[in-house]
Amino acid sequence: MTEPANDAKPIPFVDLAAQRRRLGAAIDAALARVTEHCQFILGPEVRALEAELARFCGARHAVSCASGTDALVLVLMAKGIGPGDAVICPSFTFCATAEVVALLGATPVFADVDEATFNIDPGSLERAIAKARRLGLKPKAVIPVDLFGLPADHDAIAAIAAAESIFILDDAAQSFGATYHGRPLGTFGLATSTSFFPAKPLGCYGDGGAIFTDDDDLAALLVSLRVHGQNAADKYDNVRVGLTGRLDTMQAAVLLEKLKIFPDEIGARNAAAERYGNALGNVAGVPRVPEGHTSVWAQYTIRVEPGRRAALVAALKDDGIPTAIYYPKPLHRQTAYERCPYAEGGLPVSDRLAEEVISLPMHAYLDEPTQDRIIDAVQRALSR
Ligand SMILES: Cc1ncc(COP(=O)(O)O)c(C=O)c1O
């Protein structure tokens, strides 16, 4: 990080070092146990983690895998998604949501997002399905994303998916631990994917991911696909084409320790989000959690007038405060996806958000004095 212009100490965007001060010894001991038993691939920690993750969210199965991207692609592979199929995705998301669709030769069809939640807009989802049909594609699935830690409108999405006979793969890469009307994510749709990328609310020490499902057959297929499509009874008979998509035992050992304090960390993130919301609501658009939802605040993202964002970024940088723009370009504007179809009427909200959003430091170890420095700097910059 570049030094701030004044003498203020730089603030981390996500403070993994603070978490290590709390948990480092336990994690190092867990890693040492793995180096002792040497079962680096699908060792006992992987099975233990899968049981704990399933228990945590109430899903029947948790199948761990190598990343949040693999989690998505494995489900689409299991469902035989391929050329001629359409999968509806929001445009305002990380590229992996649509990438996995294109990777399998299917067509991502983009839908717009809701202005208040940044999550897929059910009306636009219906228009995207209609668009896919008009183009002669077969709509097979929707991948809602629970963006920045906040659940999408799962009741509305489920009703549309049932009416249209498409399945739901919930992309909860940023939102494992959040709830929708009392139910944890991981239990909506056919399957849910998540990511354990280090900066995620529940992150490991490298890449990792998991899939949640209540479907026994799907879970068995995923277990086969993540190891080259191997036969459960005879590992030298590969019965389908798969990939090397396993979660390392080392990462499972890290996650088992982190999962123990995850509820406490979610509480701390919510306290920080509430402080931001109370302090910044008069100078910027602040996120509001809809009734019946809880968020894990993967990002704390505010909205400012488009013309003021660059100056805000620069002013905060001068004060040693990092920011991030998630996302400066919606997927339908990105080179790899600009030829993909999208819902009739365009995606105006995705376009607008890309101009207005800015994410502030957010993590479970954001102490009040540090947060006050951030709040004060944002208020000063936006009152100019
Ligand atoms: C919404 C979303 N989907 C998928 C992914 C992919 O996860 P991974 O980086 O673990 O492959 C991410 C990661 O940032 C994400 O934010």
Checked pairs for the range 187-213, first within 25 Å of residue 362 (Cα to Cα), second acidic (Asp, Glu) and surrounded by 24 or more Cβ atoms within 10 Å (Cβ to Cβ), C-beta under 7 Å and 6 or more apart or across chains, list as 192/170; 193/171; 209/70
Give just the number: which of (1) more than 29 Å from residue 27 (Cα to Cα); (2) out of contact with any helix residue (DSSP H, G or I) (no Cβ under 8 Å at 6 or more places or on another chain); (3) within 14 Å of the ligand (Cβ to nearest atom); (4) among the aliphatic types (A, V, I, L, M) does residue 220 not satisfy? (3)
Just need a number here: residues in the range 182-200 that are under 30 Å from residue 13 (Cα atoms), touching a His at 6+ places or on another chain (Cβ under 9 Å) and not in a strand (DSSP E or B). 2
Condition check: of a type in the set (A, V, I, L, M) and away from the ligand (no atom under 16 Å from the Cβ). Does residue 168 satisfy that? no
Flag if residue 94 is surrounded by 24 or more Cβ atoms within 10 Å (Cβ to Cβ) and within 16 Å of the ligand (Cβ to nearest atom): no
Residue match in the range 256-275 (condition: farther than 16 Å from residue 295 by Cβ, aliphatic (A, V, I, L, M) and within 16 Å of the ligand (Cβ to nearest atom)): no
Enumeration of residues in the range 183-205 that are crowded, with 24+ Cβ neighbours inside 10 Å, among the polar types (S, T, N, Q) and away from the ligand (no atom under 11 Å from the Cβ): 192
Kindly list the number of the only condition in (1) over 25 Å from residue 248 (Cβ atoms); (2) more than 15 Å from the ligand (Cβ to nearest atom); (3) of a type in the set (A, V, I, L, M, F, W, C) that fails for residue 78. (1)
When both residues are 6+ apart or on different chains and their Cβ atoms are under 6 Å apart, which pairs have a first residue that lies in the range 161-183 and is at pLDDT 95 or above, and a second that is part of a loop (DSSP other than H, G, I, E, B) and of a type in the set (Phe, Trp, Tyr)? 170/188
Pull out all pairs, ordered by first then second residue, where Cβ-Cβ is under 8 Å, the residues are six or more apart or on different chains, the first lies in the range 55-69 and is closer than 20 Å to residue 220 by Cβ, and the second is near the ligand (Cβ under 9 Å from one of its atoms) and assigned to a loop (DSSP other than H, G, I, E, B). 64/208; 65/208; 66/207; 66/208
Can you find, within the range 293-320, the residue that is surrounded by the most Cβ atoms within 10 Å (Cβ to Cβ) among those that are in a loop (DSSP other than H, G, I, E, B) and aliphatic (A, V, I, L, M)? 298
Taking the range 267-292 and keeping only residues that are touching a Gly at 6+ places or on another chain (Cβ under 8 Å), surrounded by fewer than 20 Cβ atoms within 10 Å (Cβ to Cβ) and over 18 Å from residue 383 (Cβ atoms), one is left with 288, 292
Inside the range 131-150, can you point out the residues that are within 16 Å of the ligand (Cβ to nearest atom) and either in contact with a helix residue (DSSP H, G or I) (Cβ under 7 Å, 6 or more places away or on another chain) or closer than 16 Å to residue 81 by Cβ (or both)? 141, 142, 143, 144, 145
From 153, 216, 234, which residue is farther than 18 Å from residue 101 by Cα, among the acidic types (Asp, Glu) and under 16 Å from the mean Cα position of the chain (by Cα)? 153
Report yes if residue 24 is in a helix (DSSP H, G or I) and without any contact (Cβ under 8 Å) to a residue 40 or more places away in the chain, otherwise no. yes
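The values are calculated or read from the model by the stated rules, or taken from the named source; none is laboratory data. Note that this is a predicted model, so its numbers are computed, not measured. Neighbour counts run over all protein chains shown; Cβ positions are idealised from the backbone, glycine included.
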